[in-house]
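Right, one structure below, let's go through it.
The values are calculated or read from the model by the stated rules, or taken from the named source; none is laboratory data. Quick caveat: nothing in here was measured; it's all calculated off a predicted structure. As a convention, Cβ positions derive from the backbone with ideal geometry for all residues, glycine included, and neighbour counts pool all protein chains shown.
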Amino acid sequence: MSHYVFSTMTNDCNYVGYVVGRDLHQVAKSVLIKGGANRADGSRNIFTPNGVMSIVTDEDMDFLLQNDSFLKHIERGFITHTPYKADADEVAEDMTKQDGSAQMKPEDFEKTGGAHPATTHQPAPDKENKGLIARLIG
């Protein structure tokens, strides 16, 4: 039976289980959950889905439900899973909307009065009224 894992994370996440070898850990199993929410899809159209769906097997789902990172992502609302297929954007409506890597949207600019958040910082007091040339020569 298949399980459907829904993600609102911007990037893919590979959940890994290790076995302890003599001197180092070796990968015993890994399951890739697709990301791509809140990120342009790379085509000519700028499309940013709100959620992404991955299909996993019973064995993979059992592994994921024992993986601490996967459980943490569920707890934080970035991941959810169901035994049935559903529209990823609809499922994402009840999940955490975006992670820190998400592409900025128009509403992000509204929070800063229309300026890009990276440009809303306050300049250092000694540089507040001086241009670059004035700082270099004076």
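Figure legend. Inter-residue proximity from the range 10-23: first residues in contact (Cβ under 8 Å) with a residue 60 or more places away in the chain, second residues part of a strand (DSSP E or B) and aliphatic (A, V, I, L, M), beta-carbon distance below 8 Å, spacing 6+ or different chains. Indicated pairs: CYS13/LEU32; CYS13/ILE33. Mind listing just one residue for me: the one in the range 1-23 that is surrounded by fewer than 18 Cβ atoms within 10 Å (Cβ to Cβ) and out of contact with any strand residue (DSSP E or B) (no Cβ under 9 Å at 6 or more places or on another chain) and, of those, modelled with the lowest pLDDT? Selected residue: GLY21.
Does any residue of the range 86-101 turn out to be more than 12 Å from THR8 (Cα to Cα), loosely packed, with under 11 Cβ neighbours inside 10 Å, of a type outside the set (Val, Ile, Thr) and assigned by TED's automatic domain parsing to the domain that holds TYR18? Spell out the reasoning first.
Quick first cut of the range 86-101, residues more than 12 Å from THR8 (Cα to Cα) only: 86-87.
Then keep just the ones that are loosely packed, with under 11 Cβ neighbours inside 10 Å; that gives none.
No; the residues of the range 86-101 include none that is more than 12 Å from THR8 (Cα to Cα), loosely packed, with under 11 Cβ neighbours inside 10 Å, of a type outside the set (Val, Ile, Thr) and assigned by TED's automatic domain parsing to the domain that holds TYR18.
Would the range 44-54 turn up any residue that is at pLDDT 90 or above and either farther than 17 Å from LYS97 by Cα or charged (D, E, K, R) (or both)? Yes, the conditions are met somewhere in the range 44-54. If you go through the range 68-84 and keep only what is within 19 Å of SER30 (Cα to Cα), more than 13 Å from the chain's Cα centre (by Cα) and not in a helix (DSSP H, G or I), you end up with THR80, HIS81. Contact annotation: residue pairs with Cβ atoms under 7 Å, 6 or more positions apart or on different chains, pairing a residue in the range 67-83 that is assigned by TED's automatic domain parsing to the domain that holds LYS97 with a partner that is among the charged types (D, E, K, R) and crowded, with 16+ Cβ neighbours inside 10 Å, are PHE78/ASP99. For LYS34, the criteria (1) more than 19 Å from MET95 (Cβ to Cβ); (2) in contact with an Asp or Glu (Cβ under 6 Å, 6 or more places away or on another chain) hold in every case but one, which is (1).
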